[in-house]
Each structure stands twice: as structure tokens, then as C-alpha cells.
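Quick notes on the structure that follows.
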Amino acid sequence: MEKMKIGVIGAGSISDVHLQSYANHPDVEVYAISDLNEERAKAKAAQYGASKTFADYRELLALPEVDAVSVCTWNNTHAAIAAAALDAGKHVLVEKPLSKTVEEALLVEEAAKRSGKVLQVGFVRRYASNTNLLKRFIDDGELGDIYYAKASCLRRLGNPGGWFSDVERSGGGPLIDLGVHIIDICWYLMGRPKVVSVSGNAYNRLGNRSNIQGLSFYKAADYDAAKNTVEDLANALIRFENGASLMVDVSFTLHAKKDELSVKLYGDRGGAELEPELQLVLERHDTILNATPQVDDVTFNFKDAFQREINHFIAAARGEAETLSPVQDGVELMKMLTAIYESARTGREIRL
């Protein structure tokens, strides 16, 4: 089978895991890379063997030999580039979030329907080994009816700055950057129930705390401590049509003792913790069992999950599989995220 030729749009830090994963795939050729900074695109092309580079993504999309693209740009450009790529006849893997607004997300959905091409949203945790294993238990009824989930992704110090802290480019702070992952994985494992209402809060009290010394954290290439227009912390209660609910809180910076990542689901037959490591809570013979699966992948492995995501995208593009994260799910996540921001802004519950 002829190798698929891949284009990567956006050569920032997240592009590396896409490029590495494509490079590891035996049936893929990294063919073209575009970035507003063409020198950066050329550096990545030299590293991964791409033969063409562009400053304008439209030139990349005009190449008939490119079969599929990854969109790894700022959030505010995801929708326009993804729709243009679909209309150019390319399969698309677009980083999360799908867009900044629901209206933009719906335009991408329309483009996917028009083109008949695969649009996969980068909900990488859906492809992780620990998620896959837990879903097998859930699908087999081990947890029963999941009626409650709770998730936290709290950084005590970790505002990346740069475009991450510019609401015009990012669409928001920790909610749209981190919350999108943990809201999505809970919703996915709960069976993707229909959302009926959202109540949320957002706070900007601490800024980026650039005065703190002795602790390192990831900083964007264009980090500027003086610029920050996104929230520090957000929390939300999401209610679903089936009566289930999800509570979530996320932060870039918080006066917390330590960073925290937890994802918990509770059903009427059992419970589970996906993060920080996979554990099941079951009842057998009138006894509660805390069970840890005896496998190598009870924790989330970033590189492995990305490789699985890329492998699945290639299989979906070839018609060998259905994507686990279709455009419709990207739209639903945008409805949740934007409703949380609206609730925080207006101080009222938002019904969907």
C-alpha cells in the first residue's frame, strides 16, 4: 500500500508529538509543514524529513498529493483551517478544542459532511491504554449506570503565558486548555449523554504569579509575564438528560499544596478512578473490592496515547476504522465549554 502523505500545519511545541507519531508509522510520509514562522517550519522539516515547507497553510492545502493534515495552530484558527482542509479534500486531525465558538464548530461539522472526509478531534485521552481498558469494564456493565463523575486538573503554578494567556487566540485559560480533556474523558466514559444545563464560575485573582521563584513550569515560546487575559481557575456542574452529573475544576495557578489530577466515575454497581492511576471499586459477595488491574498501562502515557491517536487517525482515513472522536463530539464539547464561560460571566445557570 502506498504511503499516506501528511501535512502538519503549525510547528509549535504540540506539533512534535504529532510529527514523532507520524514518523513512527510505517505507512506514513511526513511530506509538508507550514508555520507563520517559515524558519521554524524548515527546522521541523529537516528534523522529520519533510520535503516541502510553507509560511501560508493554503499553499500546503493546494498540494494534491497531501492526503491528510494535522492542525496544530492557535485555538482561534482551528476551525477555519480545519474547514479549509476538508474542502481541499484532506482528512483532518485537529487539536483540541475544535474551535473558539459553537458557531465555528458547526461550520467545521458542515464542512466534514460536505467533503465526506474524516475529521478527528484531538481528544487524545480517548485513545490511551488506561481509558481503553476501563471502557471495556464499563461496556461490560461492571460499573452499572454511571450517574456521577468528578474531575480535577489543578496546577498550583503553570500559566504557560504567550498565546495560552491571550483570550483572543486561546479562547480562555485552563478551562479550554485543560478542562476540555477531563470534561471530554468523563463524558465519553459516561456514554456521551445529552447535556441539559451548565453552571460555572471563573476567577482571575492571581494572574500568572511570575514572582514565584524556585519552581519551573512550561512556558510558551512567546511568554510575556505582563500579558494575561484568561482565567486562573474555573469550575462547573454539568447536568445531563439521563439525570447524571459531572463536577469539574481546573486551574493554571492556585494556592494549593500541590498539583492535582483526578478523574473519578461512580455507577450503581461500581466505581472507577482513571487518574492518577486506574483503579476499580467493585462489590462482590457483600464485600467492597478496591481492584488494580494487573497491566503495564494503568497510568496515562502521553507519548503512547498520541501514537495510538495517530494510528487510529490513519486507519480511519483509510476506511479501516471509525474515529473515536468525531466532529460531532467536538461540537458538543464546545457547547459545554462556552456554556460554562457564559454561566461564569452572567452568574446564572445555562440551559442547552
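Of everything listed in (1) among the aromatic types (Phe, Trp, Tyr); (2) modelled with pLDDT of 95 or more; (3) out of contact with any strand residue (DSSP E or B) (no Cβ under 7 Å at 6 or more places or on another chain), the single unmet condition for Tyr266 is (3). Note on segment 299-323: residues that are out of contact with any helix residue (DSSP H, G or I) (no Cβ under 6 Å at 6 or more places or on another chain), within 22 Å of Leu86 (Cα to Cα) and either without any contact (Cβ under 8 Å) to a residue 24 or more places away in the chain or among the basic types (Lys, Arg) (or both) amount to 5. Applying the set (1) more than 21 Å from Val263 (Cβ to Cβ); (2) out of contact with any helix residue (DSSP H, G or I) (no Cβ under 7 Å at 6 or more places or on another chain) to Ala220 leaves exactly one unmet item: (2). The residue of segment 111-137 that is surrounded by the most Cβ atoms within 10 Å (Cβ to Cβ), among those that are free of Cβ contacts under 8 Å to residues at least 12 places away in the same chain and under 23 Å from Val66 (Cα atoms), is Lys113.
Specify the residue that is surrounded by the fewest Cβ atoms within 10 Å (Cβ to Cβ); the eligible residues are those in segment 88-107 that are within 17 Å of Val180 (Cα to Cα) and either of a type in the set (Val, Ile, Thr) or modelled with pLDDT under 95 (or both).
The qualifying residue surrounded by the fewest Cβ atoms within 10 Å (Cβ to Cβ) is Thr101.
Selection within segment 315-328: residues that are under 18 Å from the mean Cα position of the chain (by Cα) and more than 19 Å from Ala305 (Cα to Cα). The member of this set that is surrounded by the fewest Cβ atoms within 10 Å (Cβ to Cβ) is Gln328. Each residue in segment 222-236 was checked for being surrounded by fewer than 17 Cβ atoms within 10 Å (Cβ to Cβ) and modelled with pLDDT of 95 or more, and 1 pass. Residues that are assigned to a loop (DSSP other than H, G, I, E, B) and among the hydrophobic types (A, V, I, L, M, F, W, C) do occur in segment 240-250, at least one of them. Within segment 13-54, the residues that satisfy the criterion of being surrounded by 20 or more Cβ atoms within 10 Å (Cβ to Cβ) and of a type in the set (Gly, Ala, Ser) are Ser15, Ser21, Ala32, Ser34, Ala41, Ala45, Ala50. Among the residues of segment 300-310, are any small (Gly, Ala, Ser), over 27 Å from Ile176 (Cβ atoms) and at pLDDT 95 or above? Within segment 300-310, not a single residue is small (Gly, Ala, Ser), over 27 Å from Ile176 (Cβ atoms) and at pLDDT 95 or above.
Within segment 64-87, the set of residues being hydroxyl-bearing (Ser, Thr, Tyr) and surrounded by fewer than 23 Cβ atoms within 10 Å (Cβ to Cβ) comprises just one member, Thr77. Among the residues here, Glu275 qualifies as in contact with a strand residue (DSSP E or B) (Cβ under 9 Å, 6 or more places away or on another chain) and within 20 Å of Asn132 (Cβ to Cβ).
Residue-by-condition table, conditions (1) in contact with a strand residue (DSSP E or B) (Cβ under 8 Å, 6 or more places away or on another chain); (2) more than 17 Å from Val327 (Cβ to Cβ); (3) not assigned by TED's automatic domain parsing to the domain that holds Gly162:
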{"site": "Val8", "(1), (2), (3)": "yes, yes, yes"}
{"site": "Ile14", "(1), (2), (3)": "yes, yes, yes"}
{"site": "Pro26", "(1), (2), (3)": "no, yes, yes"}
{"site": "Ala41", "(1), (2), (3)": "yes, yes, yes"}
{"site": "Lys52", "(1), (2), (3)": "yes, yes, yes"}
{"site": "Ala84", "(1), (2), (3)": "no, no, yes"}
{"site": "Leu93", "(1), (2), (3)": "yes, no, yes"}
{"site": "Ser115", "(1), (2), (3)": "no, no, yes"}
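Every condition in (1) part of a strand (DSSP E or B); (2) buried (at least 17 other Cβ atoms within 10 Å of the Cβ) holds for Phe306 except the one numbered (1).
The values are calculated or read from the model by the stated rules, or taken from the named source; none is laboratory data. What you are looking at is a predicted structure, and each value in this text was computed from that prediction instead of being measured. Reconstructed Cβ throughout: ideal geometry from the backbone, glycine too, with neighbour counts over all protein chains shown.
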